[in-house]
Amino acid sequence: MIFFTFVGWSESGKTTLISALTHRLREQGRRVVVLKHAPHGIDLQPEGKDSRRFLEAGAQRVIVLADRETMTLLPPLTAPTHTQLAALALDAEFLLLEGLVIDDVPALEVHRPALGQGLRYPPKKLAAVVCDEPLDLPLPRFAHCDLEGIIRFMEETQWNQP
């Protein structure tokens, strides 16, 4: 499984890039799972709702089936490990993490200088930068639209978890 994390400031284009990469990978017949980190927390099922009560009672997994989507709820993971994330991703070839930095998982920073901020992470913590403007960094740089180049880079640079 190819693990890769995408970091950057809010509105830098992380979600747009991950969506485009997911679409391109699916066109190629690849299996993709995306994990969105929500560091400020969200309640998918508010207190008192049946599905929340099942989790609180100790269920290992709660599946909510609705007309337009299916949602799987799990107990919270604090400081998730590679093994836990791989188990969540099932049989995926690619696990793309948005905003979740884990040791030894290569990170691509999505950067837009027009936001008026520098890089969010120090270059030594990054594998590459996605930015449409030239940067004076000792890192590979890809344009936001270079999906094939980014995919090739992920395949070559991957932290490969069996």
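Read the figures in this text as sums done on the coordinates, not as results from a lab. Nothing here was measured: the structure is a model prediction, and the numbers come from that model. Note that we place each Cβ from the backbone using ideal geometry, even for glycine, and neighbour counts take in every protein chain shown.
Please report the antiparallel percentage of the DSSP beta bridges confined to the stretch 1-110, to the nearest 5.
Approximately 25 percent, going by the DSSP bridge assignments.
Cross-chain or 8 or more residues apart, Cα under 20 Å: how many lysine pairs in the chain fit that? Count them up, please.
Close lysine pairs under the 20 Å cut-off: 4.
Calculate, in nm to one decimal, what ARG52 and ALA86 gain on full extension: separation in residues at 0.36 nm each, minus their alpha carbon distance.
Fully extending the segment from ARG52 to ALA86 adds 9.8 nm.
Place the peptides 134-140, 114-120 in order of packing, highest mean first, counting for every residue the other Cβ atoms within 10 Å and averaging per peptide.
Result, highest mean Cβ count within 10 Å first: 114-120, 134-140.
So what does the Cα-only Debye profile of the stretch 73-142 read at q = 0.12, 0.18 Å⁻¹, as log10 I(q)/I(0), no solvent term?
Debye output, listed in q order: -0.43, -0.80.
Label LEU115 and LEU135 with points 7 Å out from Cα along Cα→Cβ: what is the distance between them in nm?
Calculated label separation equals 1.1 nm.
Just rank ARG31, ARG112, fewest to most, by other beta-carbon atoms within 10 angstrom.
ARG31, ARG112
Run the simple label-point estimate for CYS145 and LEU73 please: 7 Å along Cα→C-beta, distance reported in nm.
In this crude label model, CYS145 to LEU73 measures out at 4.3 nm.
Who wins for biggest fluctuation among THR70, THR16, THR81 in a Gaussian network model of the chain, springs between alpha carbons below 10 Å?
With Cα springs under 10 Å in the chain, the top fluctuation among THR70, THR16, THR81 is at THR70.
Rounded to whole Å and sorted largest first, what semi-axes of the equivalent ellipsoid does the C-alpha gyration tensor of the chain yield via the square root of 5 times each eigenvalue?
Working through the eigenvalues yields semi-axes of 31, 18, 15 Å.
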